[in-house]
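Q: Got a structure for you, written out below as structure tokens; questions coming shortly.
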Amino acid sequence: MLWGKTMGIIGYGSIGERVARIAKAFDMRVLATRRTVRTASRSRHVDLLLPAAELDRLLSESDFVVLCAPLTPETHHLIGAPQFAAMKRNALFINISRGPTVDEAALAVALRDGWIAAAALDVFEQEPLPQESPLWELPNIMCSPHIGGNVPSYADMVQELFLRNLAHYVRGERLECLVNKRRGY
């Protein structure tokens, strides 16, 4: 049951915003962190938009924690033992970001020892997840092979983006979805 629960979104960019919109459709309370936010505020799909420094608040109040942050030097192992310890014992942790944003050894301990209730992972530090990973032995984890964004219309969406960008390029306009090389995403 999602109604009345709190979803915490770490990384309120384009993917985080989409996750928030879905959560609001289920009447969830939505908290989010964003690197560029300096003080707590509200946003269209978020009840409380927090600065990254208030991550522990988001973790302690959330029933569902969804990691959507890009992988940068600052976000490598962003979620580890201290963050899992800050979560509710009945929390579900979901990583749809990049594998190295999570310390998988700490996640295995958190799941095994009941610090959190469960996890759903679409990405891993090493892909595919090595056979010797302790995550394979845990009953409270769901893993998918980095296909969370693979929807039936994905090829059409990519083709449409390519065609729009080709038109922008021909007209000498700025392209969509450019990577900021300074930020790394």
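Q: Write out, first by first residue and then by second, each pair whose Cβ atoms fall under 9 Å of each other, whose residues are 6+ apart or on separate chains, and whose first residue, in the range 29-50, is in contact (Cβ under 8 Å) with a residue 24 or more places away in the chain and in the same structural domain as Ile10 (by TED's automatic domain parsing) while the second is assigned to a strand (DSSP E or B) and surrounded by fewer than 15 Cβ atoms within 10 Å (Cβ to Cβ).
A: Short answer, once both residue conditions are applied: Leu49/Ser41; Leu49/Arg42.
Q: So is Ala105 in a helix (DSSP H, G or I) and either free of Cβ contacts under 8 Å to residues at least 60 places away in the same chain or surrounded by 14 or more Cβ atoms within 10 Å (Cβ to Cβ) (or both) or not?
A: yes
Q: Could you run through the range 126-185 and say how many residues are assigned to a loop (DSSP other than H, G, I, E, B), of a type in the set (Ser, Thr, Tyr) and either within 30 Å of Ala91 (Cβ to Cβ) or touching a residue at least 60 places away in the same chain (Cβ under 8 Å) (or both)?
A: The first filter runs over the range 126-185 and keeps only residues assigned to a loop (DSSP other than H, G, I, E, B), leaving 126-133, 138-140, 144-153, 171-185.
Still in the list and also of a type in the set (Ser, Thr, Tyr): 133, 144, 153, 185.
With the extra rule that they be either within 30 Å of Ala91 (Cβ to Cβ) or touching a residue at least 60 places away in the same chain (Cβ under 8 Å) (or both), the set shrinks to 133, 144, 185.
Total meeting the criteria: 3.
Q: For the subset of the range 1-27 comprising residues that are more than 22 Å from Pro51 (Cα to Cα) and touching an Asp or Glu at 6+ places or on another chain (Cβ under 9 Å), which member is surrounded by the fewest Cβ atoms within 10 Å (Cβ to Cβ)?
A: Checked the range 1-27; the qualifying residue surrounded by the fewest Cβ atoms within 10 Å (Cβ to Cβ) is Trp3.
Q: Also, I was wondering about something else. Could you go through the range 71-91 and let me know if any residue there is of a type in the set (Asp, Glu) and in contact with a Ser or Thr (Cβ under 8 Å, 6 or more places away or on another chain).
A: no
The values are calculated or read from the model by the stated rules, or taken from the named source; none is laboratory data. Remember, it's a predicted structure, so these values are computed and weren't measured experimentally. Note that each Cβ is placed from the backbone with ideal geometry, even for glycine, and that neighbours are counted across all protein chains shown.
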